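The values are calculated or read from the model by the stated rules, or taken from the named source; none is laboratory data. Since this is a predicted model, take the numbers as computed values, not measurements. Here the Cβ is made from the backbone with ideal geometry for all residues, glycine too, and neighbour counts use every protein chain on show. Heads up: the accessible areas ignore ligands, DNA and RNA and are worked out on the full protein's heavy atoms, side chains in. Shrake-Rupley method; radii C 1.70, N 1.55, O 1.52, S 1.80 Å.
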Amino acid sequence: MSSGRAIAHPNIAIAKYWGKKAISGNIPAVPSLSVTLAGMTTTTDVELDAAAKIDTLVLDGEDARGDALTRAVALVDRVRMRAGSNVRARITSTNDFPTASGLASSASGFAALALAATRAYGLDLDAADVASLARESSASAARSFFSGFAALDTDGVAHQVAPPDQLDLRVLVCVTSEGPKAVGSTSGMIVTAKNSPFHATWLAIAPRIFDDVEAAIRTKDFERLGVAAEASAFAMHGAALAAGVSYFTDATHAVIGEVRALRNEGMLVFVTMDAGPHVKVLVLESDRAKCAERMESVPGVLRVIQTRPGEGAKIVEETAS
Ligand code: DP6
């Protein structure tokens, strides 16, 4: 029986996606731009099993049920439909970082699954096509197919903006909890769109912030990138908070405070936060060591994962018989 193994890295949005233009096909309401991170990895195997009656998913060593299984099966169903197959699959996926805690495990998870599944079912698609399949499960996953800096537009199409070495950027992921997040990003977005008095403002400013981030990357202007990244993150979280959707904890605020202290001391350093309590600190390689040391000493920070722009999702092994 055929199988496929793929690896993918999470990506961190510098210009955030928050809000859906269409639920069907999972099309974002705003353009987003991210950096794919080396140093954190999801590895996923898909093995076809002609004798099996159902698909199974083992996630980080445990049998997955509920939402995680449903979402994985939905993606494999779309791949099966394209391949004209009804053979069931055994999916095994492992993250070397906390799953479902706002560390973008859905992005790397669905990217790796889409790639491994298309390979196992014998589909020969280009990266943009596989990215679209993954986007329907989690829009941010479409960006993890591309190395370095990647954009996702409001037609749901992702592409590379710049290679990993475009900037000497480092992303210090300050982990503040190992547990799953309270509100998933999909429901957080839906509640924001429904209840936030600031949702329309977010939709109006997000494309401008995206343009700013894209220009900063093209011109290799790290300070402009950092300022725009903070504008995007705080506008997104502000819109969400006004709808009662809050992801920050005391540790989140403490890291933000420490980054501001470093900035007052003259370091170019910025923050961004996703749908969870962790803080991703954006800094240049020349300041990485000092910055990491300071972040490690912040109360509530469990550990700091040091990452840099990395490669897009790829197949690492393939067997067919
Ligand atoms: C805050 O891609 O997880 O990380 O498409 O509903 O699965 P769904 O959402 P998801 O949302 C990511 C939100 C974010 C910002 C971003 O990555 O752009």
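Pairs of lysine residues in the chain that meet both criteria, 8 or more places apart or on different chains and Cα atoms under 22 Å apart, total 11. Taking label points 7 Å from Cα along the Cα-to-Cβ direction, Ala83 and Met1 give a separation of 1.1 nm. Residues whose amide H comes within less than 5 Å of that of Ala162, counting only those at least five positions distant or on another chain, are Phe149 (H built at 1.01 Å from N in the peptide plane).
Per-residue Karplus couplings for the range 122-130, computed as 6.51 cos²θ - 1.76 cosθ + 1.60 with θ equal to phi - 60°, are listed in order as x, 8, 10, 10, 7, 4, 5, 5, 5 Hz, Gly and Pro entered as x. Solvent exposure of the chain, expressed per residue, is 40 Å² of accessible area, with all protein chains present and a 1.4 angstrom probe.
The simple Förster model, with R0 at 22 Å and r as the Cβ-Cβ distance, assigns His253 and Ser297 a FRET efficiency of 0.90. Here the calculated FRET efficiency for Ala261 and Leu125, from their Cβ-Cβ distance with R0 = 56 Å, stands at 0.70, rounded to the nearest 0.05.
Structure remark: mean-square fluctuation, Gaussian network model of the chain, C-alpha springs under 10 Å; the largest value among Asp63, Asp211, Asp165 belongs to Asp63.
Relative contact order (percent) for the range 182-263, with alpha-carbon contacts under 8 angstrom and 6 or more residues of separation?
Result for the range 182-263 is 42 percent.
Once backbone amide H atoms are built at 1.01 Å from N, Ala313 has His9, Phe145, Phe146 as its partners under 5 Å, excluding neighbours fewer than 5 places away on the same chain. Rounded to the nearest 500, the 222 nm mean residue ellipticity of the chain from helices alone is -12000 deg cm²/dmol, with -39,500 (n - 2.57) taken per DSSP H run of at least 4 residues.
Largest mean-square fluctuation among Ala233, Ala112, Ala141, in a Gaussian network model of the chain whose springs join Cα atoms under 10 Å apart, belongs to Ala233.
Net length available on complete extension from Glu178 to Val191 is 2.2 nm, with 0.36 nm assigned per residue and the Cα-Cα distance removed.
Counting Lys and Arg as +1 and Asp and Glu as -1, each charge on the Cβ, what is the dipole of the range 165-309 about the Cα centre in debye, to the nearest 20?
Roughly 220 debye, rounded to the nearest 20.
Note on the chain: with charges restricted to the Cβ of Lys and Arg (+1) and Asp and Glu (-1), its dipole about the Cα centre is near 580 debye. In order along the range 21-32, the phi-based Karplus estimate (6.51 cos²θ - 1.76 cosθ + 1.60, θ = phi - 60°) of 3J(HN,Hα) comes to 6, 9, 6, 5, x, 6, 9, x, 7, 9, x, 9 Hz; Gly and Pro are listed as x. Sites listed here are trypsin sites (Lys or Arg not before Pro) in the range 262-296 whose DSSP assignment is loop and whose Cβ has at most 16 other Cβ atoms within 10 Å, and the list is empty.
Taken one residue at a time, the phi angles of the range 305-310 give Karplus couplings (6.51, -1.76, 1.60, θ = phi - 60°) of 9, 8, 10, 9, x, x Hz. Gly and Pro are set to x.
5 Å is the cut-off here: which amide hydrogens, built 1.01 Å from N in the peptide plane, fall below it relative to Ile27, excluding neighbours closer than 5 in sequence? It is Lys21, Ala22, by chain and number.
Given axes a ≥ b ≥ c from the Cα gyration tensor, I'd like to know whether the range 101-161 is rounded (a/c under 1.5), prolate (a/b larger than b/c) or oblate.
Values: a/c = 1.75, a/b = 1.22, b/c = 1.44.
Cα axes put the range 101-161 in the oblate bin.
Within the accessible surface of the chain, defined with a 1.4 Å probe on protein heavy atoms only, the carbon and sulfur portion equals 52 percent. Between Val316 and Asp49, the contour length at 0.36 nm per residue exceeds the alpha carbon distance by 94.1 nm. Structural descriptor for the range 2-162: relative contact order 32 percent, calculated from alpha carbon pairs under 8 angstrom and at least 6 residues apart.
Below 8 Å, C-alpha to C-alpha, sequence gap of six or more: please give me the relative contact order for the chain in percent.
Value for the chain: 27 percent.
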